[in-house]
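Visitor: Can you read through this structure? Questions will come right after.
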Amino acid sequence: MPDNPRRAQPFPPRGTAATLFPIVMVAAAWWLLTRPYHGIFHDGVFYAAQALKRLYPAQYAGDVFFLYGSQDDFTFYGQAQARLADWLGVDQAFLLLTLAGAALWSFALLYLLRRWLSALPLAASLVLVLSADPHYGGFDVFSFGERFASPRVLSEALVLLGLSYWLDGRRLAAGCAVAGAALLHPLIALAGMGVMLWAVLRERVGRSRTLGLALLAAGLLGMQLLLWTGVSPRLDPEWRQVVERRSPAIYPFLWPLGDWLRLALDASLLWLAARHLQDEAGKLAGWLLPVLALSLLWALAAGAMDVQLAVSAQLQRVQWLAHLLALALAVPLCLGLWQSGGRDRYLAAGVAGSLVFPFSLGGLILPAAYGLYRWAAYRFPHESPGRGPSLILLAAFPGAGLALWLFYLAANLVLASAVNERPVWLWVFIQAPVALAVLLAGYALARRLRLDAGWLWMYGACALAIGALHWDLRKPWSTVYDHPERAAVIASAQALIPEDAVVYWESGVYLTPDNLARLDKGFERAWFWLRRSNYASFDQAAGNVFYRKTAMEAARRAAHLRQWGFRDGNLDWNEHKKPPVKFALSLARLRGVCTDPVLGFVITDTRLPAASLSFQDPLTGRKFSVYDCREVR
């Protein structure tokens, strides 16, 4: 039975540049394998549009997303993307920034992990981090290492670099890295700032429990002062209702059970790492845990107190670093426990098993496994580690998790074959248990054949080739906006619609040339095809927590669209996930939606006699009609 929970790490030293090259290939390969490129999508749409807004301010002035301010007000990222878009075009600028973010993020993660691991363990840790589910909370809205161009990816990379510099004792370089991260995305940089601040205070003040309680009290008092002094407005009931319905992810108390289980798993892994890993890895986990706890408590308090500034700061996003480091430290934790021998090997099995369970059930499994581990040490202090009922149960955790995961995998094979844009075998290959099994089994075979010295080279080269072949999944009919044929067709609509006009481009469902049903988001077409302000949609209300006027105007326009049956008028998160229903557009409905004086033009895929112009997209074959509200009214 172990007497001291903190042990030396018998890991090999950091390798040279030559020995790290195959690891670099592994990191690059698994980024390409697990983060395929779909072009401008998800939140990348907003950042690309913000770049266009900087280039053509008059053309987006009436858009509800930009009308009273946007997320671009809090970052310098938009300026760089705007210059690149002006030089290369929207699509190529987005591709270049995506590749730059992927390269910097992968390098920063590798630079941090090589402090504790090398060779095969380092490769296994990279594969685990990149193949595991990157979502960390908020209805699967938030994730680390995003696969599209955004300031969040670059900010995360700078935070990881800053932590490496901090552990090296280069505090000025660490501060500069985190400051750069804050200029790109202040919400993401909060994690790095918090860890470094806690490390300094813990070093100088000590007594972490007292310090944590003091910081919690100070934070609560600070939020109250923000309200008393008027620095931060209060989310009044009407504003709060709009935000909660549209964006429940920013309120932790609204998160589903799965998000809390994932948080429990991350916290458990970090706590075990802080107890069982010595030196830098254990220290880093120990610094991050109180920062994570404080940020979540502050986020809950901000929601209860309706402090707009604190709610919009989304302090719970510190969890991105907790989720990433929990996965990154899982391999050194398992290795350290296994090499310690005795009952620690059973705890290592419990840690490994918790990572296999789907649906974040590991958040329940790992605390139970540790409870059995401690109970066995107390109940059977002098017995062999191979005996005792708790040890049998603990050893069964990985097997149960693997069996449940296999059932989940088999159940999703049919769905994956129907909707996945990549081969099913590749979808199976990038699942974390399969990925790690292939890596370790291949190494065992290579070692038996006395080829272990070149195994990582072969593995990295093959994985990189597969990733490169299956990375770019862009479809010209959906995600390519700078296509010359499309630009030539859309020119007639641009000539008809004034630059300062507000357009409502209706969203719709259509069948793609590869026989997949796709939701065609009209606001994206208005922004990137037509380059005009769009009237309203669910996505355009994403910034309603930052500005009250944005929330109220988005709600007003959405209510107007709902009145006349348009799907884009739905601002409810749960209702938005339901399959869209197509209704028949009539002249009466068209006249009704045009009664809002803000709206100048309507574009739909329904042809009515009142159409001012009709055109056909050459890449999808879809036909659209343009209606001038001045003539329809």
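Visitor: What figure, in Å² to the nearest 10, do you get for the accessible area of SER614 with a 1.4 Å probe and non-protein molecules left out?
Guide: Using a 1.4 Å probe on the heavy atoms, I get roughly 50 Å².
Visitor: Continuing with this model, one more query. Sort region 191-272 into rounded, prolate or oblate with this rule: let a ≥ b ≥ c be the square roots of the eigenvalues of the Cα gyration tensor; rounded if a/c is under 1.5, and if a/c is not under 1.5, prolate when a/b is larger than b/c, oblate otherwise. Walk me through the intermediate numbers first.
Guide: Values: a/c = 2.97, a/b = 1.25, b/c = 2.36.
The shape class here is oblate.
Visitor: Still on this model: What is the total of Lys pairs in the chain with C-alpha atoms under 20 Å apart, excluding same-chain pairs fewer than 8 positions apart?
Guide: Lysine pairs meeting both conditions in the chain amount to 9.
Visitor: Let me ask another. Taking only C-alpha pairs under 8 Å that are 6+ residues apart, what is the relative contact order of the chain in percent?
Guide: On the way: 990 pairs, mean separation 118.1, N = 633.
Taking the mean separation of contacting Cα pairs over the length of the chain, I get 19 percent.
Visitor: Let me ask something else. What order do CYS629, CYS334, CYS176 take when sorted by accessible area (1.4 Å probe), most exposed first? Don't skip to the end; give the middle numbers.
Guide: On the way: CYS629 0, CYS334 30, CYS176 85 Å².
Of CYS629, CYS334, CYS176, the descending order of accessible area is CYS176, CYS334, CYS629.
Visitor: Give me the Debye-computed log₁₀ of I(q)/I(0) at q = 0.17, 0.24 Å⁻¹ for region 46-144, equal point scatterers on Cα only, no solvent, two decimals.
Guide: Cα-only, vacuum Debye calculation for region 46-144: -0.91, -1.18.
Visitor: Let me ask you something else. Between the alpha-carbon centers of region 76-130 and region 275-319, tell me the distance in whole angstrom.
Guide: When both Cα centres are located, 25 Å separates them.
Visitor: Moving on to the next point. Which of rounded, prolate, oblate describes region 205-340, given a ≥ b ≥ c as roots of the alpha-carbon gyration tensor eigenvalues and a/c under 1.5 marking rounded, otherwise prolate only if a/b is larger than b/c? Let's see the in-between values first.
Guide: Numbers: a/c = 3.71, a/b = 1.78, b/c = 2.08.
Oblate.
Visitor: Calculated from DSSP H runs of 4 or more alone, at -39500 (n - 2.57) each and per residue, what is the 222 nm mean residue ellipticity of the chain, nearest 500?
Guide: Details: 26 runs with 379 residues, N = 633.
Taken over the chain, the calculation gives -19500 deg cm²/dmol.
Visitor: Then there's this: Can you order the peptides 291-301, 229-239 by their average number of other Cβ atoms within 10 Å per residue, highest first?
Guide: On the way: 291-301: 20.1, 229-239: 14.2.
Ranked by mean Cβ neighbours within 10 Å, highest first: 291-301, 229-239.
Visitor: Further question: Starting from the Cα coordinates of the chain, work out the convex hull volume and express it per residue in Å³.
Guide: On the way: hull volume 104.7 nm³, N = 633.
For the chain, the hull spanned by Cα atoms encloses 165 Å³ per residue.
Visitor: Further question on the same structure: About its Cα centre, what dipole magnitude does the chain give when the only charges are +1 on Lys and Arg Cβ and -1 on Asp and Glu Cβ, stated in debye to the nearest 20?
Guide: On the way: 58 positive and 44 negative charges, 226 e Å.
Rounded to the nearest 20 debye, it is 1080 debye.
Visitor: Rank ALA173, LEU88, LEU292 by how far each Cα sits towards the positive end of the charge dipole of the chain (+1 on Lys, Arg Cβ; -1 on Asp, Glu Cβ) and give me just the farthest.
Guide: Checked the options; the winner is LEU292.
Visitor: Which three extents, in angstrom, do the Cα atoms of region 308-388 have along their principal axes, listed largest first?
Guide: Taking max minus min along each principal axis of the Cα atoms, region 308-388 gives 57, 23, 22 Å.
Visitor: Suppose we keep just the DSSP beta bridges with both residues in the chain; what percent of those would be antiparallel, to 5?
Guide: Numbers: 15 of 22 bridges.
Bridges in the chain that DSSP calls antiparallel: roughly 70 percent.
Visitor: By accessible area of protein heavy atoms, probe 1.4 Å, what ranking do ASP605, ASP91 get, highest first? The partial results should precede the final answer.
Guide: Working: ASP605 60, ASP91 10 Å².
Per-residue accessible area, sorted high to low, gives ASP605, ASP91.
Visitor: Sorting SER612, SER70 by accessible area (1.4 Å probe), largest first, what list results?
Guide: Working: SER612 50, SER70 10 Å².
The ranking, largest first, comes out as SER612, SER70.
Visitor: Helix 389-419 sits at what angle to the longest principal axis of the chain, using alpha carbons and giving 0 to 90 degrees rounded to 10?
Guide: 30
Visitor: Around GLN71, under 11 Å between beta carbons, what's the net of Lys plus Arg minus Asp minus Glu among the other residues? Let's see the in-between values first.
Guide: Details: positive: ARG152; negative: ASP43, ASP72, ASP73.
That works out to -2.
The values are calculated or read from the model by the stated rules, or taken from the named source; none is laboratory data. Predicted model, so just to flag it, every value in this text is computed and none were measured. So basically every Cβ, Gly included, is an ideal-geometry build from the backbone, and we count neighbours across all protein chains shown. With ligands, DNA and RNA removed, areas are computed over all heavy atoms of the protein, side chains included. Shrake-Rupley method; radii C 1.70, N 1.55, O 1.52, S 1.80 Å.
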